[in-house]
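Following: one structure in structure tokens, then a few remarks.
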Amino acid sequence: MNSLLLTLPTFTAKNVQKPSNNQLSGYSSAPNMKYARMFGCRASAACDDGENSSLSSSVLMPKQKTKESILINENGSTNTGIGIVEFLLGKSYFITGGTGFLGKAIIEKLLRASPEVGKIYVLIKAANNEAAPKRLKTEIIDSDLFDCLRLKHGKYYEDFMLRKLVYVCGNICESNLGMDPNSMDAIAPEIDVIINSAANTSFDERFDVAVTTNTKGPARLLNFAKKCKKLCIFIHISTAYVNRESKGRVPSPPPLFHPISLDVEAEMKLISHSNLHFHDNQRAHKMKQLGLDRARNYGWRNVYEYSKAMGETRIIQEKKEEIPIVIIRPSIVESSYRDPFPGWIQGNRVLDPFILSHGKGYLPVTSMHPQALTDVVPLDMVVNAIIVAMAKHGTAVRKPEDLNVYHVVSCGKNPLTMGELLNFSFEHFNSSPMISVKGGKIDITRVKFLSPKEDPSPYILEAYFKLNELTNATTSDDVLERRYQKVLDYNARLAQVYGPYFFEKGSNWFDKDDTQELLAAMSEEEKQSFGFDMEKLDWKDFFMNIHIPGLRKYVMKGRGTMAN
């Protein structure tokens, strides 16, 4: 394979050299270091822009408003839209979490919707100064998420990406974002928009680890924002589940539906004190338990929700009037619905362990309530909502008292139950079964819903030994027993982690209408390109024909799939 040897530019305090168009540009903590990377070509893949297979409409350009794109409101006034594409032109972005599921999708949409954006600075955690550009290359530029851009730009794809993307060595968990001071000073004057999508999403993380990322991280980023003199908007991506636990319908709350008086500093002092007193061999376990106890003490289900709520609190406490802030609260984010193509996903998300366990035959029963509601939002609709909110408030007249919070949720208008979800899973795997290592089809049954008092182990045992007949009938009994116990423990683990969400009929769901004002402000043309109205989503079609096939392609990498 042909390759191109590229030498990275160096950055010094006195003379920040601008990289040329064919260089991988970046900022590291060692400005005088030089190193090289090798780049190869990869085949492009077909993609769908969401409406049809034509690629031309996937790149949006500002143009004169047509009669069709202007809405007539009920009061007779015309709606020419927010001006989303116009806002994106020439802007430079600083993004955290850019190698993650949501952050990567934001980068892709920005580059595809407006190729004339400025630079996108991506904060990348790296073990050393050589690892950051490698991560940018392997985790973003080489990602199959960018296949539409790869197809559009052809042999110039990497040149285009290298002109737009700038890696920044750093870590949101460290003071000053782990950035070299000279790099920070060089970058800050260039930034128009900051998007914080970095998060530790583990439901059972250590208290100290979750707080370092989810609570302290946003405040560190806000301190950097104060250095960005032309900043027009600060986007913080939170979660709808910062709304404290309640049963049934959660109505539209005031902007912060959690105690603004929450003493974050006291929680941090508790962490420091506990770390000193926990013995080394107990620290990890006790820190996890402490996080769970503190979360539930204040009304949250787990340390993820609690640390994200404290992160919002820190943002408000640290907020300065001159920095406009928008908080986006999505619910459960799963694969893309149509944009840039259906079904793209990275890693197992919240619902996927249940779906894949079902397909593998390991989930014959569950203690989840069939009427428990699950609030799901497709990835691309979350990305669109972020960009729309960014454009709307990035150009708005700033009011110091404004706090703009948007919930990107679905259940209020388009509810989905766990019973429906697992029925869709059954129908998919029944028509397109997974394949065992021996090559036989894995036959599954509809998931049986048990009462919380019923023991699931006999059902799981029966299903497991049935599977063993398909895989390896000569396995010894002791090995079978260990494997069975592992499956049993895994199912118990799912129940423990996700029980507060799906194991009661009264599981909370969100009835928010705060995104309606965004949708109402958009022109019809903007809704075609940046729409996120989930009311018309067909969940059966989404899970059977988009999400589960996406899981099998992008997460399982085709394992357990029939040759045809």
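The values are calculated or read from the model by the stated rules, or taken from the named source; none is laboratory data. Owing to the predicted nature of the structure, the values given are computational and were not obtained by experimental measurement. No Cβ is skipped: glycine too gets one built from the backbone with ideal geometry, and neighbour counts run over all protein chains shown. The protein model used for the area step is the full one, side chains on, heavy atoms only, and it has no ligands, DNA or RNA in it. Shrake-Rupley method; radii C 1.70, N 1.55, O 1.52, S 1.80 Å.
Every residue, every condition in (1) open to solvent by less than 30 Å² (accessible area, probe 1.4 Å); (2) in a loop (DSSP other than H, G, I, E, B); (3) modelled with pLDDT under 95, yes or no:
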{"site": "209", "(1), (2), (3)": "no, no, no"}
{"site": "229", "(1), (2), (3)": "no, yes, yes"}
{"site": "236", "(1), (2), (3)": "yes, no, no"}
{"site": "257", "(1), (2), (3)": "no, yes, yes"}
{"site": "262", "(1), (2), (3)": "yes, yes, yes"}
{"site": "271", "(1), (2), (3)": "yes, no, yes"}
{"site": "274", "(1), (2), (3)": "yes, no, yes"}
{"site": "281", "(1), (2), (3)": "no, no, yes"}
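So which residues in segment 406-446 are modelled with pLDDT under 90, under 30 Å from residue 238 (Cα atoms) and either in contact with a helix residue (DSSP H, G or I) (Cβ under 7 Å, 6 or more places away or on another chain) or open to solvent by 30 Å² or more (accessible area, probe 1.4 Å) (or both), if there are any at all? Across segment 406-446, the qualifying residues are 412, 413.
Taking residue 466, is it open to solvent by 20 Å² or more (accessible area, probe 1.4 Å) and either in contact with a helix residue (DSSP H, G or I) (Cβ under 7 Å, 6 or more places away or on another chain) or modelled with pLDDT of 90 or more (or both)?
No, not satisfied.
Matching residues to (1) without any contact (Cβ under 8 Å) to a residue 60 or more places away in the chain; (2) surrounded by fewer than 22 Cβ atoms within 10 Å (Cβ to Cβ); (3) part of a helix (DSSP H, G or I); (4) acidic (Asp, Glu):
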site: 117; (1), (2), (3), (4): yes, yes, no, no
site: 129; (1), (2), (3), (4): no, yes, no, no
site: 133; (1), (2), (3), (4): no, no, yes, no
site: 157; (1), (2), (3), (4): no, yes, yes, no
site: 183; (1), (2), (3), (4): no, no, yes, no
site: 203; (1), (2), (3), (4): no, yes, no, no
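Taken over segment 185-207, the residue count meeting the criterion of being of a type in the set (Ser, Thr, Tyr) and modelled with pLDDT under 95 is 2. For residue 369, the stated conditions do not hold, so it cannot be described as of a type outside the set (Ser, Thr, Tyr) and buried (at least 23 other Cβ atoms within 10 Å of the Cβ).
Modelled with pLDDT of 95 or more, under 25 Å from residue 522 (Cα atoms) and in contact with a strand residue (DSSP E or B) (Cβ under 9 Å, 6 or more places away or on another chain): is that true of residue 111 in this structure?
Spelling it out, residue 111 is indeed modelled with pLDDT of 95 or more, under 25 Å from residue 522 (Cα atoms) and in contact with a strand residue (DSSP E or B) (Cβ under 9 Å, 6 or more places away or on another chain).
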